[in-house]
Each structure stands twice: as C-alpha cells, then as structure tokens.
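Working notes, beginning with the structure itself.
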Amino acid sequence: MKKLISSIAVAALLAGVMSSQAMADPAKGQKIYLKKLKKACGFNGAKMSAMHTQDEWEEIKESGKLEDEIIKLCPKVKKGYLKEKWLNDLYDFFYKYASDSGNVPSC
C-alpha cells in the first residue's frame, strides 16, 4: 500500500512538472509581443497572428522553427534575441488569434 501511494505521489509530481510547458498563456504572449516585437515587426499583433492559420502555427511550433518564422516575418529581429521562455507564450498568442480563429486581439 505504501508503495502504491508513493508511486501515485511521484506520478502526480511528474505530471505537475511536465505540464509547466503546457501552461503558456496567450495574454502573456500578447504582452511579450507588444513590449519586445511590435516595434521591430512594424505591425500590431493582430496582423502578425493572422499571417498563418492555427494549423500552420502549430506545424511551425512542432517543427521547432517558431523563432525562425518570427525572424522571417520581422527582419529587424535578430537570431538569439527571443528568449526560449517567451516562445511558448508567443505561440499561444499567435495560435489563439490566427487567421482562421475568429478571434481579434486588442493590440
């Protein structure tokens, strides 16, 4: 019984740690875009997000090329400028407000 409870506790702990990647936030991504990318990109977040559909943003993220795509769309952004911890939030922002989402951000 003690072994079972220990196993469940370890599983719960691992699930909590592993889910932190999944806890990205579109609102936080919007703030990052406004503070760090809007000026360099030259357009607002609504336009940036609408450059791809949700499926396209998902494919870009899964292939590990989100930073490269941002650099392609915003040539003033240089490689290494974007922090790794920003990318999940930026992705959630872009995905939520993609061209086929029906959502429009307030930036």
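What the table below lists for this structure:
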{"quantity": "Sites Ser63 and Lys2, calculated FRET efficiency, Cβ-Cβ separation with R0 35 Å, nearest 0.05", "calculated": "0.20"}
{"quantity": "Gained length - Lys35 relative to Lys78, 0.36 nm times residue gap less alpha-carbon distance", "calculated": "13.9 nm"}
{"quantity": "Likely footprinting exposure, Met1, Met48, fewest C-beta neighbours within 10 Å first", "calculated": "Met1, Met48"}
{"quantity": "Debye intensity ratio in log₁₀ form over the Cα atoms of segment 26-96, taken at each q of 0.18, 0.19, 0.24, 0.25 Å⁻¹", "calculated": "-0.58, -0.66, -1.14, -1.26"}
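Laboratory data are not the source of any read-out in this text; all were calculated from the coordinates shown. Remember, predicted model here, so these are calculated numbers, not experimental data. Here the Cβ is made from the backbone with ideal geometry for all residues, glycine too, and neighbour counts use every protein chain on show.
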